[in-house]
Amino acid sequence: MALITSVSGIRGTIGGLPCMNLTPPDVVRFSAALATWMLQQGLPARIAVGRDGRTSGPMVQGLVQHTLLAMGVDVVDLGLTTTPTLEMAVPREGAGAGIMLTASHNPAEWNALKLLNQHGEFLSESEGKQVLDLAASGTFSFAPADRIGRHFLAGDYLDYHIQKIIDLEDVDADAIRNARFMVVVDAINSSGAIAIPRLLEALGVSYHLLNPEVTGQFAHNPEPLPAHLSELCRMVPERKADLGIAVDPDVDRLAFVAEDGSWFGEEYTLVAAADHILSRRPGPVVSNLSSSRALTDLARQYGQPHYTSAVGEVHVVRRMKDTGAVLGGEGNGGVILPDLHYGRDALLGIALTLSLLASRSITMRRLRQSYPDYAMAKMKMALPSDFNWETMKQYLRQTYRMGEINESDGIKIDLDEGWLHIRKSNTEPILRIYSEAKDLSGAEKLAREALERLEQHLALTGTA
């Protein structure tokens, strides 16, 4: 079906033809390319590897690890884990790189190789290009028998990760324990079913777990959006819980449901985390171009600057470092705190939000009502194989010439009634169409009109 290479990694559907899908030859090729790049950079010949709960995970991990061993690289095997846990393990192990096997929010037939540098952060665009060029060349030098790499089972890095979160000055573990929270968690049959209970137990939070079996057979579409979380929204008030928690399969995205079953929203996850941090210390905050204006408004209330970046964790992190941000992330529910590590971390987001609720003695519903109220619509359009993005951008410039246009990542158009952001996905063969306005009908109208115009343009031209 698809094989996509981007700043978000090597992502594709399992099975089918090499170079068209994510097949064993592709897994070997990209794993060998990362090892070659790492060795060329003079980095330690050691790579940490982990996976989420997908059914293809053990197979793909076996291919990755044996390829690395054949390259003469030692493997630190974390097994079933979360992306932020692996990101923290890479530098602690003194590894030269990391590979997390997860397709994040994509359905179960997908998997991916997320490639990390020696700091446990996503490869930069220039580093990623070097790896992709090596993969395309296919010229790898494998190790002789006496120099094959060694395989090590990692210690319990999840406990290490959780303890580091609890030790943060910004996490008030005592206040959380005293609040005696009860939560409902949708673990989506993956790593969250192991990781989130461990965090909640360490914080003295009682919980009810939905989809707790780590089968990789996701009970619903794994992207944490309202349309996919009806059971969670129903169970929170039914269980008389204080809130609901939803994560994606590799636990770097986080969304909340309020105590009455209403949608708190993945867009407001970052807003709540920023509210907690900015209430304790000043500093800039960063989000990507597709994130809500609510963060801009919140930062202004605290008298702090808000900066934006292109979509993608690597871009957000670079902007955070450039601006000295105290917090950053993406409106898809990703929270990044430099004091912990430069990576989106749902476990961190849970701890920060519970700290905020406990310190203010406030409910999730009241907290959401305290923020600027925006609504966002998210639509998508499948791309034909001959799609020409430059031609499409020219059409969009002309169509939306009345707005303020930003082309740093796709095209973002600021209009009187809200904004539109139209860009090619890093993770799927689709065009993403995001919009935001003062209410849902306004946001949906902006996105729907854009989608109709794009589809009409494709129909008239035959291609983009």
For the chain, diffusion coefficient by Stokes-Einstein and Kirkwood Rh (Cα), 37 °C, 0.692 mPa s, µm²/s: 145 µm²/s
Hydrodynamic radius (Kirkwood) for the range 3-76, which is based on Cα pairs only, to one decimal in Å: 12.8 Å
Amide H contacts under 5 Å for Leu210, placed H, 5+ residues apart: Val185, Asp186, Ala187
Among the listed pairs Lys129/Lys378; Lys240/Lys424; Lys321/Lys412; Lys321/Lys378; Lys114/Lys164, those beyond 31 Å (Cα-Cα): Lys240/Lys424
Two-decimal log10 I(q)/I(0) for the range 1-129, as the Debye equation yields it once each C-alpha is a single scatterer, q = 0.09, 0.10, 0.12, 0.17 Å⁻¹: -0.20, -0.25, -0.37, -0.78
Trypsin sites (Lys or Arg not before Pro) restricted to DSSP loop in the range 152-215 with at most 13 other C-beta within 10 Å: Arg180
Net +/- balance of residues flanking Gly72 in space, Cβ distance below 14 Å, scoring K and R +1, D and E -1: +1
Fraction of the pair-distance distribution of the range 292-337 above 11 Å, Cα-Cα pairs, percent: 65 percent
For the range 138-186, Kirkwood radius (reciprocal of mean inverse C-alpha pair distance, Å): 15.7 Å
Beta bridges by DSSP in the chain, antiparallel share as percent, to the nearest 5: 60 percent
Average silhouette area of the range 408-464, convex hull of alpha-carbon atoms, in square nanometres: 4.5 nm²
At least 20 Å along the helix axis (C-alpha) and Kyte average at least 1.6, DSSP helices within the chain: 346-360
Whether the range 378-447 is rounded, prolate or oblate, judged on the alpha carbon gyration tensor where a/c under 1.5 counts as rounded: oblate
Cα pair distances in the range 43-200, grouped into 10 Å bins until the bin that holds the longest one, percent each: 10, 34, 34, 15, 5, 1
Alpha-carbon Rg/Rh ratio, for the range 176-369, with Rh computed the Kirkwood way: 0.95
Placed amide H near Arg46: partners under 5 Å, 5+ positions off or other chain: Asp74, Gly96, Ala97
Around Asp186: net Lys/Arg minus Asp/Glu count, Cβ-Cβ under 13 Å: -2
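Every number here is computed from the coordinates shown, using simple stated rules; none is lab data. Nothing here was measured: the structure is a model prediction, and the numbers come from that model. With ideal geometry, Cβ positions are generated from the backbone for all residues, glycine too; neighbour counts draw on all protein chains shown.
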